[in-house]
Every structure is written in C-alpha cells, then in structure tokens.
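Each value in this text was obtained by applying a stated rule to the coordinates, not by laboratory testing. For clarity, every value in this text was computed on a predicted model and none was experimentally measured. Reconstructed Cβ throughout: ideal geometry from the backbone, glycine too, with neighbour counts over all protein chains shown.
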Amino acid sequence: MDDGGFREEIPVPSLRQPKYCFKTLQDLIPARLVLYLLSFTGFLVSFMMRTDINIAIVAMVKLPPPIPAELLNKTEEPLICYTPPAPNSTEDSDANNTSLEEGQFDWNPTIQSTILGSFYWCYILSQVIGGVLTQKFGTKAVFGFSQLLTAICSLLIPQAAVFHYSALIFLRSIQGIASGLTWPAMYAIVGHWIPAIERSRFMSSFQGFSFGIGLTYPLCGFLIARYGWPIVFYTTGSIGLCWCVFWWLLAYDAPDKHPRISMKELSYIQSNVGNTMVGSKGMRVPWWSIMTSLPAWAIGITTFGRIWVHYTFIIPGPLYMKTVLGFSIQKNGVMSGLPFLCSYLSSVVFCLLADYLVNHNLIGLTNVRKLFTAVSQVIPGILVLIIGYLGCDIVSVLVLWFLAVTLITASYGGAMANVVDIGPNLAGPILAFAQTIHMTASFLSPLVAGIFLQENTSLEQWRKVFAVTAMISVGTYFFYQAFGTAEVQSWNYPDGNIPPPHTESDLHPLKSKENGKKDDKEDPAEE
C-alpha cells in the first residue's frame, strides 16, 4: 500500500512540463529568422574572403618607384601628401607614414590589378551555372560547397603568392567561380521559405556583404600591422570554414525538410507561399525577348557605371590611401572600411524613402527609379572627380569619399529594384542578364587603374583614374534616363499579353490576398 501511494504521489511533479523547456525556447526562434541570420552572415563571410586581398596586397607588394625629384619640383602642387622617408632611414615618421614599409613581392601595378580583377573573370560566367546547379542540387549544397571551396582557397593563398603570382591568380579565379554561385542559390531558397509580404525584409539579409566589406578592411589593417599579411587569409579562411559548419547543421532547402521547425510556422509558410508565384516554374524563359529589351539593357548598362565607381573605392581605393595620402595600414583599413559599415543603414533608408514616395503618389514609380539611380551614380561620379582635385585636404577627401560610398546604395531603390518592376515573373533571368553586363566593370575598373598607375602613383595619375571613373559612372546613367522604365514588359507573361491596367487586383495584390481570406478558403485550388 505504501509503495502504491509513493508511486501515485511522486510522478505528478516529475512529469510536469518545465516552464521553459528546450522545445519551447526553440519554438520562440522561427526557422525563418535562423535562415535570415545564415543568409546575412553567409554574404558577410563571402565578401570577407573576396575583399581581404584588396587591403592585404597593399602590404604584400614592394613600394612603387619613387617619384623623380624633377617631377616633384615641376609643379607647385604636391603630387603626394606625405614626406617620403629618406633611404635607409630608421627614424619614426608621423602616424600617416608608418605604412610605407617595404613589401615582399615586386609586382607592378598591372600585375596587381590582374590579381585583384582575376576573381571577377569567372564570377561573371558562373552566374547562370549557379542557377542550373541550384535547381538540380538545392541551395544548401550549392551555397555550402561554394563557401567551403572559397575558404580553402583563402587558406592556400599565402603559399601560392610565395610560389608565383600566377598561382595566386589561379586561386582567385577559383574563388570567383565559387562565389558566383552564391547569389542565384540564395535567390532560389527565398521562394520556398519566405511569404511575399516578408520578402523585402528578408532580402535585406543580402546586405550582409556591406558589413563584410566594412569589417574586413579594419580587421585586416589590425592583423597586418601586428602579425603580417599572411594571417589575413588564414583568418578569413578559418571564419569561412566555421560558418560552413553552422550552415550544414542549420540550413534546409524547404520548410518541410526542416527537423526542428514548429508545426505552427510550417503551416504559416505553406499556407502563404502557396499563394504566391515563385519564379513561374512552368514558364519558358524568353531569353531572346530579354536580350533585345531596351529596359533590360538600360538596367545592365547603368549598373555597369555604378559597379565601376563602387569598385574604384573597393579595390584601388586602399592603394590611393597608401600612395597618395600616406596612411598607415591600420588607418587605411579603418578609413576604407568605415563607409561600407554604414552602407547597410543607408540602403534601408533609401529603400524606405523610395517606397514612401511611391505609396503616397508623390512621384511615379519610373521617376522614382530614375531619381534614385541618378543619386547612386551621378553624384558619386562627380564626387570622385572632385576628390582628385582636393589635393592634400585629407579631411575633405575623406568626407566626400564617405558620402560617395554611402550614396551608391541608393541604387537599391533605383535600377536594382527595377529588375522586379519590368519582369516580376522573370526576375532571376533578368538579374542574370544584367549581372553578366555590369559585373564586367568589377575587373575592368582595377585593370584600367593599373594601366594609369603603371609609371607612377602620383596624385596626377590618380586624377586620370578618377576622371575615367566619373565619365563612366555619369555617362551610363543617361542610357537609363532614356530607356529605363518601371512598366511591366509584355514578355513577362506566358501569352505575351499585358493584363488590363488599373484593376483592383493589379493595384493591390497583397492587400487583396490579406483581406480576402474568405475567398481563399472558397477556392482551395489556389492553396
């Protein structure tokens, strides 16, 4: 009797559910939030591994030939903004000149530009391949293996650089192929996981690349100043490998494959994603129509100009801060990276402002796209030209540098958003077409800079680099001004016919779905 009473009393409290058990805490963290963090950190790590060499190469190469005294004395205007240390001088100079130590490799500016641009040769070509591989193997495999391969190459770069610069170019090209797969892979997973009303917020995770650039430069400057340039690649490569572990443990291609997702969240995703058109899977891609579309070309060409000015700041920028401004490697990293840390916030502000102008009918959608594209290209193009003529007014140079990099992000409310405007059912193919055009600027920009800086790296030569950048950035915008539009193109639809405009369903598609729950229940086929 006593044993029976014991068994009746004790199990009651022992079986009582804890107030905060592991399962309860797990359900408080949506799987979509985990995917957002994986996407954000994934692009952050990806851009760390692709941009680390931009600052590291400043410390890797030997100093350029000194500017001849007769050239320095030829003009009253200074050609560099620091006093070059005397030969064999060991005395400490000011903080701006501590970066002027001798590097390890005797690579001329053309070789340096080839190394920096080699990443983007194959990056362009792998965009379409990424889409095909993602369809076959899924985002988890494609994104995961691309990051893994990029990280392994980063770890091998120090040995490759010592062996020969051609080996370094080879590794950077492999990284370009792998990294080119990441964008189409992540675009593909959005449709499976994220309801339409959440997609704009989720796409902000792609801006992890801004944080990646912004963190990489100061981090690399700190590491190089204390431990030397090889540690940079060991650090970013190791971070990439660690990220891959979390990716393989936590990422899944579809919600119904996720072992830890709550039934409530799974039901929410399936009931909302099922009502949206995701990539029009059964629709044939009208490649000829896209490739002969002036609005599509307008996006590709104008973004070519934006990428050109953007990568002038990203790739040759640190070299300018060293050879003209005379910044130490650590100060170089901070000043190069700080504007990109603010780029994420500025992109959010620009996108919110663009939505506000459209939603309140203050400006038409086409004009909003053109306005923000002009802000992202014309103003930075003019600013970069002015920077070259500010001479050694370093404070003004840095202010305009910061402003130009920040304004470039206005493109996310301009031409970049225009991809979805002209073909919402074909945004992926349009993006692939536009990126094939505009990403060529990512290796042409540093290559042209290397040609101008072949003889010397004086302020006079940098003005030529900035002048070409300004002409391309501003000039390509006018093609978009002439042919850019936010009107949906006829080839966006399977039958080639644009639906009648100004219908309630066209003007408020999301609102009608949200408020029309009763209709959705009456037509289960739409589920």
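Express in whole angstrom the spacing between the alpha-carbon centres of segment 381-456 and segment 234-269.
33 Å
Gain in length, residue 420 to residue 482, computed as 0.36 nm per residue apart minus the alpha-carbon separation, to one decimal in nm?
Length gained between residue 420 and residue 482: 20.4 nm.
Which values, in whole Å and largest first, are the semi-axes of the equivalent ellipsoid of segment 380-465 obtained as the square root of 5 times each eigenvalue of the Cα gyration tensor?
That gives 33, 18, 7 Å for the three semi-axes.
Give me the number: length gained by fully extending residue 460 to residue 348, i.e. 0.36 nm times residue separation minus the C-alpha to C-alpha distance, one decimal in nm.
Answer, rounded to one decimal: 36.6 nm.
With the contact rule set at Cα under 8 Å and sequence spacing of 6 or more, what percent relative contact order holds for segment 318-474?
Over segment 318-474, the number comes to 31 percent.
Given a Förster radius of 56 Å and the C-beta distance between residue 164 and residue 366 as r, what FRET efficiency does 1/(1 + (r/R0)^6) yield to the nearest 0.05?
The pair residue 164/residue 366 has a calculated efficiency of 0.60.
Between residue 390 and residue 490, 0.36 nm times their residue separation minus their Cα-Cα distance comes to what?
Full-extension gain reported as 31.1 nm.
Over all distinct Cα pairs, what is the inverse of the mean 1/r for segment 233-346, reported as the Kirkwood hydrodynamic radius in Å?
19.9 Å
Extending each Cα 7 Å along its Cβ direction at residue 245 and residue 37, get the distance between those two points in nm, one decimal.
Output for this residue pair reads 1.6 nm.
Per residue, how big is the convex hull of segment 301-455 when only Cα atoms are used? Give it in Å³.
116 Å³
How big is D, in µm² s⁻¹, for segment 359-430 by Stokes-Einstein at 37 °C and 0.692 mPa s if Rh is the Kirkwood radius over C-alpha pairs?
The Stokes-Einstein estimate is 239 µm²/s.
Given the peptides 51-58, 392-399, arrange them by the average over their residues of other C-beta atoms within 10 Å, most packed first.
In descending order of packing, they fall as 51-58, 392-399.
Between residue 129 and residue 399, what is the label-point separation in nm under the 7 Å Cα-to-beta-carbon projection?
That separation, rounded to one decimal, is 4.7 nm.
What are the extents of the Cα atoms of segment 114-243 along their three principal axes, listed from largest to smallest and rounded to whole Å?
Principal-axis extents of segment 114-243 (Cα, largest first): 48, 28, 24 Å.
In nm, to one decimal, how far is the modelled label at residue 338 from the one at residue 289, with both set 7 Å along Cα→Cβ?
The two pseudo-label positions are separated by 5.0 nm.
Could you order the peptides 401-412, 432-443 from most to least packed, using the average number of other C-beta atoms within 10 Å per residue?
401-412, 432-443
Relative contact order (percent) for segment 126-260, with alpha-carbon contacts under 8 angstrom and 6 or more residues of separation?
39 percent
Going by average Cβ density within 10 Å per residue, which order do the peptides 259-267, 291-299 take, highest to lowest?
The packing order, highest mean first, is 291-299, 259-267.
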